Amino acid sequence: MTTTAADRPDVVAGSRAPDKRAPEGRGVATTAHIALILWSLLVILPLVWTVLSSFKSTQEVLGNPLSLPGQLRFSNYATAWTTAGIGRYFANTVIVVGTALVLVMILGAMCAYVLARFSFRGNRLIYYSMLAGLTFPVFLAIVPLFFVLKNLSLLNTLPGLIITYVAFALPFTVFFLHSFFKQLPGEVYEAAQIDGAGEWRTFFSVMLPMARPGMASVAIFNFLGLWNQFLLPVALNTDSNNYVLSQGMASFASQAGYAVDFGALFAAVVITVAPVLVVYIIFQRQLQVSVTAGGVK
Amino acid sequence: MTQDVVPGGGPKRSVARRRRRPLTFDRASFMVVFLGLPLAVFVIFVVSPFVQALYYSLTDWSGFSSGMNFVGFDNYVKLFHDDIFMRSVRNNVELAIVVPLVTIVLALTLATLVTIGGSGTGTVRGLRNSGFYRIVSFFPYVIPAIVIGLIWAQVFTPGSGVLDAVLSKIGLHQFENYAWLGDARTAMPASMFVMIWGFVGFYMVLFIAAIRGIDPEVFEAARIDGAGRFRTAVSITVPLIRDNVQTAYIYLGIAALDAFVYMQALNPGGGPQNSTLVMPQQLFTTAFTKGQFGYSTAMGVVLAAVTLLFALVVFLVNALTGGRERKVKVRR
């Protein structure tokens, strides 16, 4: 499942190159290229415009939208990073997403392993309730969740946000890893037991390393999902010192309507997008393989 | 494959063998930590809020005061007479119909162009140098949804937005100062466009993978039988990947029934004449601005019901139009 399509060359039927090129076929290819180029432009141009605008002064932004910035105002980036607080939001996001990601991967792998490899009463019930947790909209839970956190004194704190992130990313993680642990051969487990390894040892030294490809895929999905999370922080983390990037961006944008520092707003957008985009371009092959492995199932 | 026994038959035997071993500290602590810890987190922060929501939706709870009266289905009755909320339901349904449909048609078209749009009369082949398109189309998936919304809100802004400038440059001067998000006629289509822009690339990559997973001989056979590219796409590709399409439809529908992030970025107030107001926005305001927690959880229940109904409809439509039957044939 992992060595699928994205690795293969762009050929559907056979790797044999066609010896003749008919004009009809070439026409189709040209049309295809034109359509795909148009779509690519539609994707890229707004991003390019955003980058250009991030170097403009507010006056220039409000002027002709098609003009180039008069000079490269890197000061916009400084303003966004410090005055607008994007730097702090960035740090908060790294802490929250980083911690939540590590925790959910460990807890998720443990839970998926037990559910996949041990049979006991209630196993199915737990599995299906995880599945249900995946389908119900978070909005249904958001109000009671607010008071659960409030009663635990975790409201408006980073630990509170982290544990909520973990809880809501858990069903997906378990669901995905469950099928991975299920596929692992039982003989390996038996062998480890015979060699005298306990359950803990068997999991951490034998089973977990074998599930590494699955772990990588889930980690990528979870990272993007948590990095982009918006509702949970907006509802449960309203102290502006603890803002994460997504909500910080939203609040900055709504303030910018009055304070009007549009150059800094665009710079903030670039700061938010650039790191993820760079990581994506470096790991795009791996990511698309993950999408494939996750989606085709 | 040959010894296809009753599901669970295999594992059960080995469990019986395991059970004979004594319950050591290693094993007991293992089960407690490995199952207990994740489950505790899941039950406290996911299950319990969902269950509480069902109860709160039947009360007039306003959160901070101690008074909480059981009011039965009053909240639901009130909801169905709440014109603004019903408007948001309608908007969500509209989104759940249009956004998945357009996204899937676009994604399928682009995926087809990449996989079987290649030139040549011999074998059906993929387009050369299509890796670039795949990488670029996928960009929006890694951009946070809130940022996608903010970028497009700027693009749509009258006067300083790039869209009006481009349109008037190519001669469409009536759009010189047109507020795409400020006019009730275009606010919803513009918002839908933004969501579709964000989704297409991901599903395009998914469909490309699915199409490449089809046995090449099938395409070869279709070609020998004289099917053109368009015919191949409609009669061969789509039926063979219909399970992927169904999954995509459900995911997209769920996303469209949410739409909270996009709408908050584009029109936080619900848009002109509430034309882009969605249930989650109304729920959020009712709960966290007005403090009507009982009433807002009832909205959440309606949202969940609509979501499940949507998934059910998609499954039914797929089953009734012969999804199962074809699947069996393909899997041989």
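The values are calculated or read from the model by the stated rules, or taken from the named source; none is laboratory data. Just so it is clear, the model here is predicted, and its values are computed rather than measured. For neighbour counting, all protein chains shown are included, and Cβ atoms are generated from backbone atoms with ideal geometry for every residue, glycine included.
Filter the helices (runs of 4 or more DSSP H) completely within segment B:224-282 down to those with at least 2 residues that are closer than 30 Å to A:THR31 by Cα. Let's see the steps before the verdict.
On the way: elements: B:229-232, B:242-258, B:260-266.
Hits in segment B:224-282: B:229-232, B:242-258.
The rows are residues; the columns are (1) within 36 Å of the chain's Cα centre (by Cα); (2) at pLDDT 80 or above; (3) of a type in the set (Phe, Trp, Tyr).
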site	(1), (2), (3)
B:VAL6	yes, no, no
B:LYS12	no, no, no
B:ARG19	no, no, no
B:VAL32	yes, yes, no
B:VAL41	yes, yes, no
B:THR59	yes, yes, no
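Among the residues of segment B:64-107, what is the count of those that are within 13 Å of B:GLN282 (Cα to Cα) and touching a helix residue (DSSP H, G or I) at 6+ places or on another chain (Cβ under 8 Å)?
Count: 9.
Okay, residues lined up against (1) outside the structural domain of B:VAL93 (by TED's automatic domain parsing); (2) buried (at least 22 other Cβ atoms within 10 Å of the Cβ); (3) not in a helix (DSSP H, G or I):
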{"position": "B:ILE151", "(1), (2), (3)": "no, yes, no"}
{"position": "B:VAL166", "(1), (2), (3)": "no, no, no"}
{"position": "B:ALA179", "(1), (2), (3)": "no, no, yes"}
{"position": "B:SER191", "(1), (2), (3)": "no, yes, no"}
{"position": "B:PHE199", "(1), (2), (3)": "no, yes, no"}
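Filter segment A:201-233 down to the residues that are at the interface with another protein chain (Cβ under 8 Å from one of its Cβ atoms) and of a type in the set (A, V, I, L, M), then identify the one that is nearest to A:LEU107 (Cα to Cα). Lay out the reasoning, then the answer.
Initially, segment A:201-233 is screened for residues at the interface with another protein chain (Cβ under 8 Å from one of its Cβ atoms), giving A:203, A:224, A:227-228, A:230-231.
If we keep only those that are of a type in the set (A, V, I, L, M) too, we end up with A:224, A:231.
Details: A:LEU224: 18, A:LEU231: 23 Å.
Ranking the qualifying residues of segment A:201-233, first place goes to A:LEU224.
State all residues of segment B:163-184 that are without any contact (Cβ under 8 Å) to a residue 60 or more places away in the chain, closer than 25 Å to B:LEU277 by Cα and either within 11 Å of another protein chain (Cβ to nearest Cβ) or not hydroxyl-bearing (Ser, Thr, Tyr) (or both); if no residue qualifies, say none. Write out each step before concluding.
Taking segment B:163-184 first, the residues without any contact (Cβ under 8 Å) to a residue 60 or more places away in the chain are B:163-180.
Next, from what is left, pick out any that are closer than 25 Å to B:LEU277 by Cα: B:163-164, B:175, B:177-180.
Those that are without any contact (Cβ under 8 Å) to a residue 60 or more places away in the chain, closer than 25 Å to B:LEU277 by Cα and either within 11 Å of another protein chain (Cβ to nearest Cβ) or not hydroxyl-bearing (Ser, Thr, Tyr) (or both): B:LEU163, B:ASP164, B:PHE175, B:ASN177, B:ALA179, B:TRP180.
Does segment A:158-177 contain any residue that is within 11 Å of chain B (Cβ to nearest Cβ), aromatic (Phe, Trp, Tyr) and under 20 Å from the mean Cα position of the chain (by Cα)?
Checked against the condition, which is being within 11 Å of chain B (Cβ to nearest Cβ), aromatic (Phe, Trp, Tyr) and under 20 Å from the mean Cα position of the chain (by Cα), segment A:158-177 yields at least one hit.
Do the conditions hold for B:VAL114, that is, is it at pLDDT 90 or above and part of a helix (DSSP H, G or I)?
Values: at pLDDT 90 or above: no; part of a helix (DSSP H, G or I): yes.
Judged against the criteria, B:VAL114 is not a match.
Is one or more of the residues making up segment B:76-86 among the β-branched types (Val, Ile, Thr) and more than 9 Å from chain A (Cβ to nearest Cβ)? Can you show your working first?
Applying the first criterion (among the β-branched types (Val, Ile, Thr)) to segment B:76-86 yields B:77, B:84.
Narrowing the set further to residues that are more than 9 Å from chain A (Cβ to nearest Cβ) leaves B:77, B:84.
The answer is yes, given that some residue of segment B:76-86 is among the β-branched types (Val, Ile, Thr) and more than 9 Å from chain A (Cβ to nearest Cβ).
Just need a number here: residues in segment B:35-63 that are hydroxyl-bearing (Ser, Thr, Tyr) and at the interface with chain A (Cβ under 7 Å from one of its Cβ atoms).
Step one: filter segment B:35-63 for residues hydroxyl-bearing (Ser, Thr, Tyr), giving B:48, B:55-57, B:59, B:62.
Applying the additional criterion that residues be at the interface with chain A (Cβ under 7 Å from one of its Cβ atoms) yields B:48, B:56.
Final tally of qualifying residues: 2.
Those residues that are exposed (fewer than 14 other Cβ atoms within 10 Å of the Cβ), more than 30 Å from the chain's Cα centre (by Cα), at pLDDT 85 or above and of a type outside the set (D, E, K, R), I need them from segment A:186-208; list them, please.
Matches in segment A:186-208: A:VAL188, A:ALA191, A:ILE194, A:GLY196.
Testing A:VAL234 on (1) crowded, with 19+ Cβ neighbours inside 10 Å; (2) not assigned by TED's automatic domain parsing to the domain that holds A:VAL96, one condition comes back false. Which one is that?
Status for A:VAL234: all satisfied but (2).
Which one of B:ALA298, B:ALA255 is over 30 Å from B:VAL71 (Cα atoms) and either surrounded by fewer than 20 Cβ atoms within 10 Å (Cβ to Cβ) or small (Gly, Ala, Ser) (or both)?
Working: B:ALA298 fails: over 30 Å from B:VAL71 (Cα atoms).
Step by step, each of B:ALA298, B:ALA255 is checked, and only B:ALA255 is over 30 Å from B:VAL71 (Cα atoms) and either surrounded by fewer than 20 Cβ atoms within 10 Å (Cβ to Cβ) or small (Gly, Ala, Ser) (or both).
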